[in-house]
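A short reminder: the numbers here are calculations on the coordinates, not readings from a lab. Everything numeric in this text was worked out from a predicted model, so none of it was measured. Every residue, glycine among them, receives a Cβ derived from its backbone with ideal geometry; neighbour counts consider all protein chains shown.
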Amino acid sequence: MPIRHIVVAYDASPPARRALSFAAELAAAFHSSLTLVHAIHIPVTPPEAALAGWAELLAAEERAGEALVDDAVKGLQKRGLTAVARVVVGAPAEQVAEAATGADVDLVVAGTTGKGAMARVFLGSVTTRLLHISPKPVLVVP
Ligand SMILES: Nc1ncnc2c1ncn2[C@@H]1O[C@H](COP(=O)(O)OP(=O)(O)OP(=O)(O)O)[C@@H](O)[C@H]1O
Ligand SMILES: [Mg+2]
């Protein structure tokens, strides 16, 4: 079975970096292309969203997100891999699942935990949700 295109859920945490390394190995072996998806999720209620400064906060988060994924994509491209990144705004699992709906996407790769990792948590909330809603097989890298 070909693995043409791999979507990687990426929050730049150590577990997500491990997941990306594994995805890169797979991509090299199967000649797949990679899409990194980094979701910016600022949980706000409508009154807070209306406050001055919220748009600036979001813009700053987007710039930081772009810098994170650009760094990762450059590393992949240096290894001769075909990789692009998408910085999106919204709930991470939903955004990753949405990115995986493309007909050529064969696999989704995520870490067990992420930035909010606590030792007692086995699977973070993003990966747990992704396992429930992903339209494609999900590979969870410990
Ligand atoms: N904002 C995000 N955008 C894209 N992928 C993400 C994002 N956050 C997490 N992920 C993916 O999900 C994996 C698990 O992270 P998750 O957020 O579920 O765990 P956590 O941060 O330890 O716990 P929680 O967020 O529930 O407190 C990460 O390794 C990464 O692959
Ligand atoms: Mg998290």
Could you name the aspartates and glutamates whose alpha carbon sits less than 13 Å from that of LYS115, not counting residues in the same chain fewer than 8 places away? ASP11
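Rounded to two decimals, what is the ratio between the C-alpha radius of gyration of the chain and 2.2 N^0.38 Å? The partial results should precede the final answer.
On the way: Rg = 15.2 Å, N = 142, 2.2 N^0.38 = 14.5 Å.
Dividing the Cα Rg of the chain by 2.2 N^0.38 Å gives 1.05.
Checking the a/c ratio against 1.5 first, then a/b against b/c, what shape does the Cα gyration tensor give for the range 66-142?
Values: a/c = 1.71, a/b = 1.27, b/c = 1.35.
Note, shape of the range 66-142 comes out oblate.
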Between LYS74 and ALA52, what FRET efficiency comes out of the Förster formula 1/(1 + (r/R0)^6) with R0 = 25 Å and r the beta carbon distance, rounded to 0.05? 0.10
Radius 14 Å from Cβ of LEU139, net charge of other residues (Lys, Arg +1; Asp, Glu -1): 0
